[in-house]
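Reading through the structure tokens given below for one structure.
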4 protein chains.
Amino acid sequence: MQMPMTMQSSLVTIGKEKRLEGNVFEISLEGYKLFILDHPVPVQKKENSSPVGKAVIKEVTWKEDSTRLVYELIDLHGVN
Amino acid sequence: MQMPMTMQSSLVTIGKEKRLEGNVFEISLEGYKLFILDHPVPVQKKENSSPVGKAVIKEVTWKEDSTRLVYELIDLHGVN
Amino acid sequence: MQMPMTMQSSLVTIGKEKRLEGNVFEISLEGYKLFILDHPVPVQKKENSSPVGKAVIKEVTWKEDSTRLVYELIDLHGVN
Amino acid sequence: MQMPMTMQSSLVTIGKEKRLEGNVFEISLEGYKLFILDHPVPVQKKENSSPVGKAVIKEVTWKEDSTRLVYELIDLHGVN
């Protein structure tokens with residue numbers, strides 16, 4: 001019995017995030033992704049681009065081979 | 001930056017589960033627990049007791065240092 | 001930055017194990033596989049076959065996208 | 001059956017590293033620590049200090065509740 005997953009050290013948004021309120025966003029990603037919660041992680045728009053800021057992931061839900069995150073943007077570098 | 005978690009190969013309920021409907025239950029556990037989803041896992045009432053059946057975990061949510069599971073009981077051994 | 005891995009709740013040997021001494025074996029698996037160490041896990045010869053016994057994994061090494069295990073067979077069901 | 005572990009997004013050395021050759025070091029850490037291999041991760045001397053450089057982790061071994069890493073320092077910020 002096995003389950004593939006991916007360990008992530010940054011959040012890659014690819015423009016798929018939705019604002020819930022203020023600086024709090026949600027995003028759905030394909031597959032089961034393992035993140036560190038409750039600490040700042042770099043946010044990138046693409047896999048290989050420079051970080052545009054930092055986010056604290058507040059909630060992670062795994063369901064039907066997808067991952068839903070709720071996160072707070074806490075630091076935004078300039079205007080990208 | 002680090003995050004403690006616990007890898008689990010069985011679901012220990014300690015009588016804390018709540019029925020959502022039919023054979024579908026939810027349970028909240030302390031800390032971040034890593035489970036295999038979408039496959040049968042043994043269900044125990046206590047950490048060292050014999051399995052009372054099997055469950056398929058359908059959904060896992062990590063939030064505020066706790067883990068919420070939604071699972072379906074698929075196999076129940078006799079009456080414990 | 002990300003790394004794929006697979007969470008495993010059983011050890012599937014596919015006949016690739018090598019005896020080190022007595023009941024202690026080593027095996028190399030493709031990719032990064034996450035196992036529970038120091039506790040008995042079911043051993044299967046193929047992904048979907050019945051367990052032939054149990055093993056306690058003593059050591060796991062991840063390197064160059066492969067996983068090397070050292071484990072002790074502790075329980076063998078009959079002669080398969 | 002369960003196993004505690006800690007997901008890490010940086011390598012905290014606390015001066016315990018040993019040089020193997022050139023820029024390649026090994027270090028032993030208490031407990032089972034989960035790292036991303038084969039990609040640059042920040043290196044810190046203490047848990048809350050600023051990164052002093054980056055390392056690529058080449059090999060991770062879990063054994064007897066400890067983690068041994070082999071890593072290559074690839075980038076060192078100034079002289080700390």
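Need pairs with beta-carbon distance below 9 Å; first residue facing chain B (nearest Cβ under 7 Å) and surrounded by 17 or more Cβ atoms within 10 Å (Cβ to Cβ) and within the range D:4-19, second assigned to a strand (DSSP E or B) and of a type in the set (Lys, Arg); sequence gap 6+ or separate chains.
Partner pairs satisfying both residue conditions: D:Met5/D:Lys33; D:Thr6/D:Lys33; D:Met7/D:Lys33; D:Gln8/D:Lys33.
For B:Asn23, work out the one condition from (1) more than 11 Å from chain A (Cβ to nearest Cβ); (2) without any contact (Cβ under 8 Å) to a residue 40 or more places away in the chain it doesn't fulfil.
Unmet for B:Asn23, out of (1) more than 11 Å from chain A (Cβ to nearest Cβ); (2) without any contact (Cβ under 8 Å) to a residue 40 or more places away in the chain: (2).
Go through C:Lys63, C:Lys58, C:Lys33, C:Lys46 for me and flag whichever is basic (Lys, Arg) and away from chain D (no Cβ under 14 Å).
C:Lys46
Any chance you could count how many residues in the range B:26-43 are over 11 Å from the mean Cα position of the chain (by Cα) and free of Cβ contacts under 8 Å to residues at least 24 places away in the same chain?
2
Within the range A:23-53, can you find the residues that are open to solvent by less than 50 Å² (accessible area, probe 1.4 Å), assigned to a loop (DSSP other than H, G, I, E, B) and farther than 18 Å from C:Met3 by Cα?
If the condition is that a residue be open to solvent by less than 50 Å² (accessible area, probe 1.4 Å), assigned to a loop (DSSP other than H, G, I, E, B) and farther than 18 Å from C:Met3 by Cα, then no residue fits.
Taking the stated definitions as given, is C:Lys18 under 22 Å from B:Leu34 (Cα atoms) and modelled with pLDDT of 95 or more?
no
Mind checking whether some residue in the range C:70-77 is open to solvent by 40 Å² or more (accessible area, probe 1.4 Å), within 14 Å of chain D (Cβ to nearest Cβ), at negative phi and touching a residue at least 12 places away in the same chain (Cβ under 8 Å)?
Yes, the range C:70-77 contains a residue that is open to solvent by 40 Å² or more (accessible area, probe 1.4 Å), within 14 Å of chain D (Cβ to nearest Cβ), at negative phi and touching a residue at least 12 places away in the same chain (Cβ under 8 Å).
The values are calculated or read from the model by the stated rules, or taken from the named source; none is laboratory data. What you see is a predicted model, and the numbers here were worked out from it, not measured in a lab. Please note: Cβ atoms are built from the backbone with ideal geometry, for glycine as well, and neighbour counts cover all protein chains shown. Calculation scope for accessible area: heavy atoms of the full protein, side chains included, ligands and nucleic acids excluded. Shrake-Rupley method; radii C 1.70, N 1.55, O 1.52, S 1.80 Å.
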